Amino acid sequence: MILLDILKRTLRVAKAFAIKSPATKDIRFEAMHNPSRYRGEHKINYETCIGCDSCNKICPTGAITMKKLPFKKQNIVPEVNLSVCVFCGLCEDVCPTKPEKSIVLSGGRYDMLTGGWHKDQQDFWENVDIPQSYIDARLEKEEAARVKKELLAKKKAAELEANKEVTQ
Ligand code: SF4
Ligand code: SF4
């Protein structure tokens, strides 16, 4: 009886060594289950975003931070802290740009595993990196529009002055 008991225990220990139980799997190296309606990380289009701030205002978890841009108009764009986001999709729903929304939950990236510590909340950001060439082109366009507006104002003032002289 004792021998049988020892044999059973030995077999159990041998089995535990031979077959890894799910509790000991390292899921970082396994493909995750990805549901068909998975929303996933955001894609932000800085070229179409009008900087209305609606996505930031509606976000229930404060996951969105508006990045400042060096322009006069359309000068903020959202960046998302995915560690805080609950993937509700409200930011995408509320975005007013057409035909494409400027912020969409693209379905990408599902490897956001953290240790669960407070400091880990800064680990996953959806940042917007704008190339300098785009910034320069937009600034140039803004400057051209400013000069044009100034010239038009001067022209209008001159016309008014001329009209005054005629009527006097
Ligand atoms: S999906 Fe929801 S929680 Fe995540 S950034 Fe958008 S509004 Fe906020
Ligand atoms: S709601 Fe859309 S257009 Fe408005 S700031 Fe957010 S991304 Fe940009």
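Compute the helix-to-body angle for 132-167: its Cα long axis versus the longest principal axis of the chain, expressed 0 to 90° and rounded to tens.
Between the helix axis and the principal axis of the chain, the angle is about 20 degrees.
Tell me which lysines have Cα within less than 16 Å of LYS155's Cα, excluding those fewer than 8 residues away on the same chain?
Here the lysines satisfying the reach criterion relative to LYS155 are LYS164.
How big is the charge dipole of the range 35-144 about its Cα centre, in debye rounded to the nearest 20, if each Lys and Arg gets +1 on its Cβ and each Asp and Glu gets -1 on its Cβ? Mind dumping the intermediate values first?
Values: 14 positive and 16 negative charges, 60 e Å.
The calculated dipole for the range 35-144 is roughly 280 debye.
What's the ranking of 63-73, 121-131, 142-152 by average number of surrounding C-beta atoms within 10 Å, highest first?
The most tightly packed comes first, giving 63-73, 121-131, 142-152.
Go through the chain and flag any cysteine with no other cysteine's C-beta closer than 4.7 Å, please.
CYS49, CYS52, CYS59, CYS85, CYS88, CYS95
Mind scanning LYS43/LYS67; LYS67/LYS101; LYS73/LYS156 and naming the pairs with a C-alpha gap bigger than 22 Å?
LYS73/LYS156
Using only the Cα atoms of the chain, build the gyration tensor, take square roots of its eigenvalues as a ≥ b ≥ c, and label the shape rounded, prolate or oblate: rounded if a/c is under 1.5, else prolate if a/b is larger than b/c, else oblate.
Because a/c hits 1.5 or more and a/b exceeds b/c, the chain counts as prolate.
Pairs of Cα atoms under 8 Å, at least six residues apart: use those to get the relative contact order of the chain, whole percent. Present the calculation step by step, with values, prior to reporting the outcome.
Working: 176 pairs, mean separation 38.7, N = 168.
Once normalised by length, the contact order is 23 percent.
Report the extension gain between VAL13 and LYS149 in nm, rounded to one decimal, defined as 0.36 nm multiplied by the number of residues separating them, less their alpha carbon distance.
40.6 nm
Using the Cα centre of the chain as origin and beta-carbon charges of +1 (Lys, Arg) and -1 (Asp, Glu), tell me which of HIS42, SER133, LEU3 is placed farthest towards the positive end of the dipole.
LEU3
Any read-out appearing in this document is the output of simple, stated calculations on the displayed coordinates, not a laboratory observation. The shown structure was predicted, so the numbers you read here are calculated from the model rather than taken from an experiment. As a convention, Cβ positions derive from the backbone with ideal geometry for all residues, glycine included, and neighbour counts pool all protein chains shown.
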